[in-house]
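*Asks:* Quick one: the structure is below, questions incoming.
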Amino acid sequence: MFDHLFSLATAYAMGAPPKGADAGAANPIISFLPLILIFAIFYFLLIRPQQKRAKQHKQFLENLKRGDEVMTSGGLIGRITGITDQVVTLEVADNTRVKVVKAHLVGPAPGKGGSESCATGS
């Protein structure tokens, strides 16, 4: 007795195929719409801001000069005493110099003539 009810419910659940040629043509576009929307959200919320931040950091590194006070990713704050293509020499205290790879400079020292957002990474 229950077998007959289950097969009847299955038949109703399957339903009739869509009628007309237009119903099948729009289906692939509509099925990709959520993926396109997710990509757009990721682009505007994650990818684009990161590219902007990387561009600002590259510009910061290109404009470094002797005498600038900067902060490293490790939290050291010092004055630039020497610059090469890859390495920056910082004076962190009197007669105490530290060599740091240029890529590890995060921004100007907090409160020293630059935006603190570069130094904090936000």
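*Asks:* Is it the case, given these coordinates, that Glu69 is in contact with a Ser or Thr (Cβ under 6 Å, 6 or more places away or on another chain), of a type outside the set (Ser, Thr, Tyr), at pLDDT 95 or above and surrounded by 13 or more Cβ atoms within 10 Å (Cβ to Cβ)?
*Replies:* Values: in contact with a Ser or Thr (Cβ under 6 Å, 6 or more places away or on another chain): no; of a type outside the set (Ser, Thr, Tyr): yes; at pLDDT 95 or above: yes; surrounded by 13 or more Cβ atoms within 10 Å (Cβ to Cβ): yes.
Spelling it out, it is not the case that Glu69 is in contact with a Ser or Thr (Cβ under 6 Å, 6 or more places away or on another chain), of a type outside the set (Ser, Thr, Tyr), at pLDDT 95 or above and surrounded by 13 or more Cβ atoms within 10 Å (Cβ to Cβ).
*Asks:* How many residues does the stretch 82-105 hold that are over 14 Å from Lys65 (Cβ atoms) and of a type in the set (Gly, Ala, Ser)?
*Replies:* So the answer is 2.
*Asks:* Give the residue that is surrounded by the fewest Cβ atoms within 10 Å (Cβ to Cβ), with candidates limited to residues of the stretch 51-64 that are among the hydrophobic types (A, V, I, L, M, F, W, C) and in a helix (DSSP H, G or I). Even if it seems obvious, please write down each step before you answer.
*Replies:* As a first pass, look at the stretch 51-64 and keep what is among the hydrophobic types (A, V, I, L, M, F, W, C): 54, 60-61, 64.
Next cut, in a helix (DSSP H, G or I) only: 54, 60-61.
Numbers: Ala54: 10, Phe60: 17, Leu61: 15.
The extreme case among them is Ala54.
*Asks:* While we're looking at this one, here's another question. Can you spot a residue in the stretch 35-50 that is closer than 29 Å to Ala109 by Cα and surrounded by 13 or more Cβ atoms within 10 Å (Cβ to Cβ)?
*Replies:* Filtering the stretch 35-50 for residues closer than 29 Å to Ala109 by Cα gives 45-50.
Those still in the list that are surrounded by 13 or more Cβ atoms within 10 Å (Cβ to Cβ) too: none.
Checked against the condition, which is being closer than 29 Å to Ala109 by Cα and surrounded by 13 or more Cβ atoms within 10 Å (Cβ to Cβ), the stretch 35-50 yields no hits at all.
*Asks:* Sort out which residues of the stretch 86-97 are out of contact with any helix residue (DSSP H, G or I) (no Cβ under 7 Å at 6 or more places or on another chain) and surrounded by 15 or more Cβ atoms within 10 Å (Cβ to Cβ), and write them in order of number.
*Replies:* Result: Thr89, Leu90, Glu91.
*Asks:* Pairs only if they're at least six apart or on different chains, beta carbon under 9 angstrom, first in the stretch 94-110 and closer than 21 Å to Glu62 by Cβ, second among the charged types (D, E, K, R) and crowded, with 17+ Cβ neighbours inside 10 Å; list them, first residue then second.
*Replies:* From residues that are closer than 21 Å to Glu62 by Cβ, the pairs are Pro108/Asp68; Pro108/Glu69; Ala109/Asp68; Ala109/Glu69.
The values are calculated or read from the model by the stated rules, or taken from the named source; none is laboratory data. Not measured: the values here are computed from a predicted model. A quick note on method: Cβ atoms are made from the backbone with ideal geometry, for glycine too, and the neighbour counts reach across all protein chains shown.
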